[in-house]
1. Those residues that are of a type in the set (Val, Ile, Thr) and within 15 Å of the chain's Cα centre (by Cα), I need them from region 20-70; list them, please.
2. Mind listing whichever residues of region 58-76 are touching a helix residue (DSSP H, G or I) at 6+ places or on another chain (Cβ under 6 Å), of a type in the set (A, V, I, L, M) and free of Cβ contacts under 8 Å to residues at least 24 places away in the same chain?
3. Of the conditions (1) surrounded by 14 or more Cβ atoms within 10 Å (Cβ to Cβ); (2) over 23 Å from Ala16 (Cβ atoms), Gly38 fails just one. Which one is it?
4. I'd like the full set of residues that are within 12 Å of Ile98 (Cα to Cα) and of a type in the set (A, V, I, L, M, F, W, C), limited to region 23-38.
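Taken together, the values in this text are just the output of simple stated rules run on the coordinates, not laboratory data. What you are looking at is a predicted structure, and each value in this text was computed from that prediction instead of being measured. Positions of Cβ are backbone-derived with ideal geometry, glycine not excepted, and every protein chain shown enters the neighbour counts.
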Amino acid sequence: MITIALSIAADLWPVALAAVGKLVLFPLVILGCAMALGLPPLTARVALIHGALPTGVAAYTLARQLGGDAPLMAAMITVQTLLAFAMMPLWLSLGARIFGL
């Protein structure tokens, strides 16, 4: 746990950029596409929920096996998972407000 905390502190900019991109920008793009395409409410909310999920842990395995920066990927996954606890209820309530159900 301490190693992950030190890794997050050392790589704050890439970790923060990845978290904002995955947990804020990506769901916003999905929200806009769902509204532009006129998706049914249930389909739009499912797409929004799926888009607001944090990065999967398989990304760490891929980074390690393919020679990527595995500690950075671990930090990204950890931060996104922790932030998702706050962001998911926000996206769920926004989806309910916009699409109904």
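1. Val20, Val24, Val29, Ile30, Val46, Ile49, Thr55, Val57
2. Within region 58-76, Ala59, Ala63, Ala70, Met73 qualify.
3. (1)
4. Leu31, Ala34, Met35
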